[in-house]
Amino acid sequence: MILRSLLLSAFVLLSSIIGGAPRSFAASDGIPGASIVSDLGSRALAAMRNGDTAAARQGRLRQLFSQYFDVEACARSALGPHLQNATAQQRQEYVELYEDYVVIGYSAYLGVLGGESLKVLGSQPDEEGVIVTSWVTGINAPIRIDWQLNPTNHGYKVTDVIVDGVSIATTQHAELVSFIQRNSGHVPVLLVALREKNASNGILR
């Protein structure tokens with residue numbers, strides 16, 4: 001339990017701008033999304049095992065995030081209706097900064113996992129798409145990670161990662177919306193905060 005809390009905290013704290021019951025699962029063979037998660041998980045963990053610099057690891061994770069995640073959908077969900085207050089240029093910048101924000105968080109999270117392995121158990125459909133269930137193994141107690149994948153024009157894409165029942169998308173939404181509400185809904189203030197937070201982690205735009 002302590003390790004699981006540490007893993008989630010690594011994501012939440014390092015990406016922050018403000019510094020369940022078991023279910024049945026089908027076999028993963030032939031199930032939409034299972035191979036995507038298996039490939040994404042193995043490549044992400046392999047990227048962290050490489051001895052390159054933090055910037056190089058973040059670069060590889062950015063490539064995986066762009067390939068496997070529905071970046072714009074995740075960004076819209078994180079900010080909700082407040083994004084409607086932004087100009088087209090601000091929305092574009094927000095999506096770019098959001099991608100950096102998420103890459104930093106997942107880099108921290110995977111850094112805590114180290115060289116552990118991910119095993120896909122199965123998947124099941126839900127109202128939006130499909131949920132793929134996996135375990136991160138090789139540690140004292142396996143960690144359950146569920147992946148929400150939704151269909152897009154480019155195939156299934158990840159829209160949320162749920163660690164031991166805690167949704168990363170919901171956590172991000174709560175953080176970003178809380179910040180922008182405290183600043184009278186001003187999107188430019190959020191952009192400045194994201195830019196500064198990302199820069200403090202070595203990502204400049």
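The values are calculated or read from the model by the stated rules, or taken from the named source; none is laboratory data. Predicted model only: the values in this text are computed from it and were never measured. Glycine gets a Cβ as well: all are built from the backbone with ideal geometry, and neighbour counts include every protein chain shown. Quick note on the areas: whole protein, heavy atoms, side chains included, nothing else; ligands and nucleic acids left out. Shrake-Rupley method; radii C 1.70, N 1.55, O 1.52, S 1.80 Å.
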Simple Cβ-charge dipole of the range 112-205, Lys/Arg +1 and Asp/Glu -1, about Cα centre, in debye nearest 20: 400 debye
How much accessible surface area, in Å² rounded to 10, belongs to the heavy atoms of Val189 with a 1.4 Å probe? 50 Å²
Take the alpha carbon atoms of the range 157-205, find their radius of gyration, then divide it by 2.2 N^0.38 Å using N residues; give the quotient. 1.35
Just need the relative contact order of the range 32-174 here, percent rounded to a whole number, with Cα pairs under 8 Å and 6+ apart. 26 percent
Rolling a 1.4 angstrom probe over the protein chains, ignoring ligands and nucleic acids, what is the accessible area of Lys119 in square angstrom, nearest 10? 120 Å²
Taking the Cα centre of each part, how many Å lie between the range 136-186 and the range 65-108? 12 Å
